[in-house]
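Take a look at the structure set out below.
The values are calculated or read from the model by the stated rules, or taken from the named source; none is laboratory data. Just so it is clear, the model here is predicted, and its values are computed rather than measured. Ideal geometry is used to build each Cβ from the backbone, glycine not excepted, and the neighbour counts take in all protein chains shown. Remember, those area values only see protein heavy atoms, side chains included, never the ligands or the DNA or RNA. Shrake-Rupley method; radii C 1.70, N 1.55, O 1.52, S 1.80 Å.
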Amino acid sequence: MVKQLIIGDVSRELANTRRILESLPEEHLAWKPHEKSMTLGGLATHLVNLLNWEIAIFQYPEFDLSTVPLRREALGRRADFLEEFDANVNKLEKLIAECDEKMLGEEWTLRHGDHIILREPRAIALRTFGLSHMIHHRAQLGVYLRLLDLPVPGFYGPSADEQA
């Protein structure tokens, strides 16, 4: 039952994430709303990169943030975002299809060196560290689009830019 819930949740959220990536305006990828904010392209790259972290939940018993760069260089074109996103979605869907309930219940650890950030079953890690994290940054991209006065796609029904 847990696996069925995960498959449905992942499918919906990844489809919604792809929708916002499809709407990225290439001419504004270097724009950011505040000096402390990531650029639109940097935020979208981080959103795409989160799939690598979700994949790691299934491939390894732990993930050490101290072993990966804090930020990767921003991708430069909408096609680049979509190509990497789609390739990683395929990997993640394959890993989910191959896992079983036992594996979903196994402990997974997120750490930064010796500091344990979280330790929880893979299914919960996927939801919190993976999908909820993705939803959070997807919402940020929606705010960026709104501030640029560009259409925002709806995710759980029509947005103000779409007809009901």
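Can you pull out the trypsin sites (Lys or Arg not before Pro) in the range 1-55 whose DSSP state is coil and whose Cβ has at most 16 other Cβ atoms within 10 Å? Mind dumping the intermediate values first?
Values: sites: LYS3, ARG12, ARG18, ARG19, LYS36; in loops: LYS36.
Answer in residue order: LYS36.
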Gap separating the Cα centres of the range 7-49 and the range 59-119, nearest whole Å: 17
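Within the accessible area of the range 1-86, what % is carbon and sulfur when the probe is 1.4 Å and the other protein chains stay in place? Show your work: numbers first, answer last.
Working: 2440 of 4590 Å².
That share works out to 53 percent.
Stretch MET1-TYR60 to full length: gain in nm at 0.36 nm per residue minus the Cα-Cα span? Write down the numbers at each step before the final one.
Values: separation 59, 0.36 × 59 = 21.24 nm, distance 2.29 nm.
Here the segment from MET1 to TYR60 would lengthen by 19.0 nm.
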Accessible surface, 1.4 Å probe, highest first, among residues VAL143, VAL152, VAL68, VAL48: VAL143, VAL68, VAL152, VAL48
How large is the accessible surface per residue of the chain, computed with a 1.4 Å probe and reported in Å² as a whole number? 55
15 Å beta-carbon shell around ALA79, net charge (K/R +1, D/E -1): -4
Determine, from the Cβ-Cβ distance of ASP9 and VAL143 and an R0 of 25 Å, the FRET efficiency 1/(1 + (r/R0)^6), rounded to the nearest 0.05. 0.60
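Take a quick pass over the range 1-156 and tell me how many lysine pairs come in under 29 angstrom between Cα atoms, counting only ones 8 or more apart or on separate chains.
On the way: LYS3/LYS91; LYS3/LYS94; LYS3/LYS102; LYS91/LYS102; LYS94/LYS102.
Lysine pairs meeting both conditions in the range 1-156 amount to 5.
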Per DSSP, loop GluC sites (Glu not before Pro) in the range 2-86 with at most 16 further Cβ within 10 Å: GLU35, GLU73
In nm, what is the difference between 0.36 nm times the number of residues separating GLU107 and THR67 and their Cα-Cα distance? 12.4 nm
Positive end of the dipole of the chain, charges at C-beta (+1 Lys, Arg; -1 Asp, Glu), about the Cα centre: which of PHE58, TYR156, VAL48 has its Cα farthest in that direction? TYR156
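Could you give the size of the charge dipole of the range 1-138 about its Cα centre, using +1 on the Cβ of each K and R and -1 on the Cβ of each D and E, expressed in debye and rounded to the nearest 20?
So the magnitude is around 300 debye.
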Connecting every pair of Cα atoms under 10 Å apart in the chain and solving the GNM, the largest mean-square fluctuation among HIS133, HIS28, HIS115 falls on HIS115
Mean Cα-pair separation over length for the range 11-164, i.e. relative contact order, pairs under 8 Å, 6 or more apart, %: 28
Excluding ligands, DNA and RNA, the carbon-plus-sulfur percentage of the accessible area of the range 93-164 with a 1.4 Å probe reads 57
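Looking at the range 117-164, which chymotrypsin sites (Phe, Trp or Tyr not before Pro) are DSSP coil and have at most 16 other C-beta atoms within 10 Å of their C-beta? Mind dumping the intermediate values first?
Working: sites: PHE129, TYR144, PHE155, TYR156; in loops: PHE155, TYR156.
Sites meeting the loop and neighbour criteria: TYR156.
In nm, what is the difference between 0.36 nm times the number of residues separating ASP114 and SER37 and their Cα-Cα distance? Each step should come with its number before you reach the end.
Values: separation 77, 0.36 × 77 = 27.72 nm, distance 2.84 nm.
Length gained between ASP114 and SER37: 24.9 nm.
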For n ≥ 4 DSSP H runs only, could you compute -39500 (n - 2.57) per run for the chain, divide by its residues and tell me the 222 nm figure to the nearest 500? -17000 deg cm²/dmol
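Set the Förster distance to 22 Å, then compute FRET efficiency between SER159 and HIS133 from the Cβ-Cβ distance, nearest 0.05. Each step should come with its number before you reach the end.
On the way: r = 22 Å, r/R0 = 0.98.
For R0 = 22 Å, the calculated efficiency reads 0.55.
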